[in-house]
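The values are calculated or read from the model by the stated rules, or taken from the named source; none is laboratory data. Remember, it's a predicted structure, so these values are computed and weren't measured experimentally. Glycine gets a Cβ as well: all are built from the backbone with ideal geometry, and neighbour counts include every protein chain shown.
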Amino acid sequence: MAQKPAATAQLLLDNQLCFALYSTAHAFNRVYKPLLGRLGLTYPQYLVMLVLWERDDVPVKEIGERLFLDSGTLTPLLKRLEAAGLIKRTRSKDDERQVLIALTAQGLALRDKAKKLPQAILAASACSVGELSAMKNELVALRDRLLAMTGE
């Protein structure tokens with residue numbers, strides 16, 4: 001069997017920023033999973049709910065833009081949230097093609113239960129609020145530069 005050539009430093013898995021982000025996202029999901037399970041939500045559903053708790057009665061397109069999700073991914077998520085009684089979908093009176101997403105009373109009430117999540121994530125991270133805020137700001141700036149390179 002032929003000996004593999006030594007990998008150059010830029011091709012080592014542990015040197016990849018993308019892998020550090022990918023594996024960190026998985027770690028976040030592992031921490032979130034039991035917390036969100038108590039709320040009856042998956043992580044993507046939680047993100048949709050965050051958007052709606054921020055501003056209710058939003059077009060599907062706006063939710064997709066905020067979450068960087070296409071309608072093919074978002075529509076099944078919204079259907080599951082509607083089946084759970086957390087949201088309702090209605091057609092816009094101004095434009096029948098536009099679907100608006102609004103919280104139900106149950107969806108609004110879930111916000112109070114979800115208020116404990118950020119503190120649990122902060123504790124799990126073992127970081128200060130300032131450290132997490134600085135990391136988030138750097139990641140958002142990096143994301144925006146990368147998206148600008150792709151024309152989005």
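Checked against the criteria, A148 counts as farther than 30 Å from T90 by Cβ and either modelled with pLDDT under 95 or surrounded by fewer than 13 Cβ atoms within 10 Å (Cβ to Cβ) (or both).
A search for C-beta distances below 7 Å between a residue of region 113-139 that is farther than 14 Å from A25 by Cα and any residue that is outside any helix (DSSP H, G or I), counting only pairs 6+ apart in sequence or on different chains, returns K113/L39; A114/L39. Test K79 against the criterion of being free of Cβ contacts under 8 Å to residues at least 24 places away in the same chain and not hydrophobic (A, V, I, L, M, F, W, C), and give yes or no. Yes: the conditions hold for K79. Name the residue that is nearest to A109 (Cα to Cα), counting only residues in region 10-47 that are of a type in the set (V, I, T) and assigned to a helix (DSSP H, G or I). Checking each candidate, the answer is V31. Every residue in region 69-90 that is in contact with a strand residue (DSSP E or B) (Cβ under 6 Å, 6 or more places away or on another chain) and either assigned to a strand (DSSP E or B) or exposed (fewer than 13 other Cβ atoms within 10 Å of the Cβ) (or both), please. Correct list: I87, K88, R89, T90.
State yes or no: is L108 part of a helix (DSSP H, G or I) and either loosely packed, with under 13 Cβ neighbours inside 10 Å or over 17 Å from the mean Cα position of the chain (by Cα) (or both)? In short, yes.
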